[in-house]
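The values are calculated or read from the model by the stated rules, or taken from the named source; none is laboratory data. Predicted model only: the values in this text are computed from it and were never measured. Don't worry about glycine lacking a Cβ; one is built from the backbone with ideal geometry, like all the others, and counts go over all protein chains shown. Just so you know, the surface numbers come from the protein's heavy atoms only, side chains and all, with ligands and any DNA or RNA stripped out. Shrake-Rupley method; radii C 1.70, N 1.55, O 1.52, S 1.80 Å.
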Amino acid sequence: MSEGRMAEVTQRRGWIDAVLDRIEPPPLSSWAYGLRIWLAMMLALYAGFWLQLESASSAAVTVAILAQPRRGQALSKAAYRFLGTLIGFAVAILFTALFGQDRVEMLVAFALWMGCCVFVANYLQGTKAYGAMLSGYTVAIIAINNIDAPQMVFESGLARVAAITLGILSITFINDALGAPYVFPELSAGMAKARDAVRDFVRQAVQEGDPGPEAAADTLRLVAAPRDSIGVVGTEFHDGENRAAGARSAVAALFAAVAGARSFALAVARSGERTDDAEELRRQVLAGLDGDRTALPGLEARIDALAAGDGADPDAVLLHRRAIDLLRQDRLAEDGIDALETGRAPLRDMRLPVHRDFPDALRNAARVVITVAISAAIFVLSGWPATSAALLQVSAFAALASINPNPVGFATGALWGMPLAAACAGIVEFIVLDGGQGFPLLAIAMAPVVVTACLLSLRPGTASLGFILLVFFPVVLAPANPQPYNPESYVNSTVLFCVSGLILFLVIRIVLPTTNAQRRRWSLGAARADVIEALSGEPQDSDERVNLDADRLVQFAGWACAAGAARRATLRHAFALAALDTAAAGAQAGLNRLAAEPAFDGAVHRARAALRRAEAGALREAASDLLAAARGGPAETRRTATRVVADLTTASYVIEDQGRVLRRLDLWGAG
């Protein structure tokens, strides 16, 4: 063999070896997941045939939709699927009673209902959002699908509820019988990882100064990552509510610790990095993080003495208060994680509000309404023989895409997944089964497709494709007893689903597309409105405000530019607004408590006026007045006053550093 030929063969082998190295066989847990879902689908199908349900295949489809690798995830999704189905059933009966004689009115009412459900789903999270969205297109399944036979709506609705109940029972039984893994270990590991990341962030801020907005955003993202599992863990244990409350408390504490660390670093930089106070506070904070239980009481005694003396100034109070906050939040995070692990009641229970932009939710709802309207017009004008079924599929696709974090990726998965699901259904029905009617043969024939779809759904790059294949393979196959083997019905269904996937793909890209630049603008607008509320003294929960600001920052970081100076600048502005909002909200909450003390009347009035004007100098003067008023008061009042002083001083720093950005946002003019 010539040298050139040998080199060519060697190069080809090297390429093949590189490809083989990139192929990772699925772990045993993935195969076990696929086996559980296949068994649950077969159990639902067999029970549906035995009970002679009108559409036994709907029970198998329910299992496919509820397919989740963790037991608690499936239970949580099942609960909201059942609730959403009941709501959709009730609305379908209502619409049939009101608009059963007029198709146009029925379609308009359905489109508006879909828009309302998608709008609400955008303000919810996880399986709650799925339940809200499902209640929308359930109306299509029950009412629109029977638009020519309104007398069948109630019976069709009962059959759907029965099929969904059977699917839920099947997947729950199989998950319990085969020991589906719990979400708790994953949540526990995620919380531990987040706590370690926050402690590293705090240590860096205390020792070296502010790590910067990009590092803060990365840390907040790690803290936010386990949140979707928190609600799920409540379904897995008898003391699940305590565990979920502990996880929420820990997440809130970690969010607050990241904000407090940056505030501490800013205060140190302002006061001079080598002052004796700053060095001592650094030492005590680091000792507290390393497990010294005397550090926090020592800091609290120091700030009490500082506030009671004559030499206190706002900068020193800010340093001490932020050092105390860092250790207190670390203790709360430790307590919350311990409650998660043991199931005991935590020291507190916190809400974790989720930031949603009204324009984004409205556009998603409007896109679904427009999609339903365009699809109805196309199908009616084209004389499509299965207009109601086609409209049902488009509506379901559009609703599912509206709550997907990556709607374009979901639409792409639908575009390719529908032909794949149809092809697999055709091969199984007309080649593998080929007229056979035995259930064992049907179960064996469906197994490779179901397991493959499960494996694909577990990979991030093919998750949408796997989900579409898993759900719509039994929809196109439509297993029945006996199986009709109707090629015409198969071709119609295939064309219907492929056209639906194409319509969704085009709609997502053409109808009201939303860019990251728009999301950034809406997010900053919402942050501006919150800051104005906080400065003006609108009633609010300051602790929840920290969580809301953190969630907004996590989302904003995902929409910001990929890298470079532009990303750093936009993140810096977003973090500045969040810091000002948190500080103003905390100050207003403390002022509300101090307002009950007559000795603070003048100082509280001046502090509120300074917040409304958002003037750095006036805020520091108001902080000094509060310290003077607190000097001779009781210890609890002094502690409240020091918190307010720290927040007022923080707000003054933010206003000084980001004055140009804040003026551009017209905070003062709006206030």
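Considering region 215-238 alone, what residues qualify as being among the acidic types (Asp, Glu), open to solvent by 30 Å² or more (accessible area, probe 1.4 Å) and either closer than 22 Å to residue 321 by Cα or at pLDDT below 90 (or both)? Let's see the steps before the verdict.
Of the residues in region 215-238, the ones among the acidic types (Asp, Glu) are 218, 228, 236.
Filter once more, keeping what is open to solvent by 30 Å² or more (accessible area, probe 1.4 Å): 218, 228.
Listed by number, the list holds a single entry, 228.
Helices (runs of 4 or more DSSP H) wholly in region 579-671 with at least 2 residues that are at pLDDT below 90, of a type in the set (S, T, N, Q) and open to solvent by less than 70 Å² (accessible area, probe 1.4 Å) - which ones?
Details: elements: 601-613, 616-630, 635-657, 659-664, 667-670.
Answer list for region 579-671: 635-657.
Against the condition open to solvent by less than 40 Å² (accessible area, probe 1.4 Å) and at pLDDT 90 or above, how does residue 246 come out, does it pass? I'd like the intermediate steps shown before the answer.
On the way: open to solvent by less than 40 Å² (accessible area, probe 1.4 Å): yes; at pLDDT 90 or above: yes.
Answer is yes for this residue.
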| field | Selection count where residues are assigned to a helix (DSSP H, G or I) and touching a helix residue (DSSP H, G or I) at 6+ places or on another chain (Cβ under 6 Å), scope region 491-516 | value | 13
| remark: Those residues of region 512-542 that are among the hydroxyl-bearing types (Ser, Thr, Tyr) and open to solvent by 60 Å² or more (accessible area, probe 1.4 Å) come to a total of 1
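Quick test for you: out of 246, 298, pick the one residue that is outside any loop (DSSP other than H, G, I, E, B), without any contact (Cβ under 8 Å) to a residue 24 or more places away in the chain and farther than 19 Å from residue 204 by Cβ.
On the way: 246 fails: without any contact (Cβ under 8 Å) to a residue 24 or more places away in the chain.
It is 298.
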| said: What's the total number of residues in region 114-138 that are open to solvent by less than 60 Å² (accessible area, probe 1.4 Å) and either more than 21 Å from residue 81 (Cβ to Cβ) or in a helix (DSSP H, G or I) (or both)? | reply: 17
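Looking at the structure I just gave you, is residue 466 small (Gly, Ala, Ser) and in contact with a Ser or Thr (Cβ under 7 Å, 6 or more places away or on another chain)?
Details: small (Gly, Ala, Ser): yes; in contact with a Ser or Thr (Cβ under 7 Å, 6 or more places away or on another chain): yes.
It is true that residue 466 is small (Gly, Ala, Ser) and in contact with a Ser or Thr (Cβ under 7 Å, 6 or more places away or on another chain).
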| remark: By residue number, the members of region 139-171 that are among the small types (Gly, Ala, Ser), crowded, with 18+ Cβ neighbours inside 10 Å and over 30 Å from residue 35 (Cβ atoms) are 140, 143, 156, 157
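Right, residue 569: without any contact (Cβ under 8 Å) to a residue 12 or more places away in the chain, open to solvent by less than 30 Å² (accessible area, probe 1.4 Å) and out of contact with any helix residue (DSSP H, G or I) (no Cβ under 8 Å at 6 or more places or on another chain) or not?
yes
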| said: Being open to solvent by less than 60 Å² (accessible area, probe 1.4 Å) and under 27 Å from residue 545 (Cα atoms) narrows it down to one residue among 278, 308, 265; which is it? | reply: 265
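Report whether or not residue 83 is in contact with a Gly (Cβ under 8 Å, 6 or more places away or on another chain), at pLDDT 85 or above and more than 25 Å from residue 179 (Cβ to Cβ). Spell out the reasoning first.
On the way: in contact with a Gly (Cβ under 8 Å, 6 or more places away or on another chain): yes; at pLDDT 85 or above: yes; more than 25 Å from residue 179 (Cβ to Cβ): yes.
Here the answer is yes, as residue 83 does meet what is asked.
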| Quick one: which of 408, 368 is closer than 17 Å to residue 466 by Cα, part of a helix (DSSP H, G or I) and β-branched (Val, Ile, Thr)? | 408
| field | Subset of region 57-84 (residues that are open to solvent by 10 Å² or more (accessible area, probe 1.4 Å), closer than 20 Å to residue 484 by Cβ and touching a Leu at 6+ places or on another chain (Cβ under 8 Å)) | value | 57
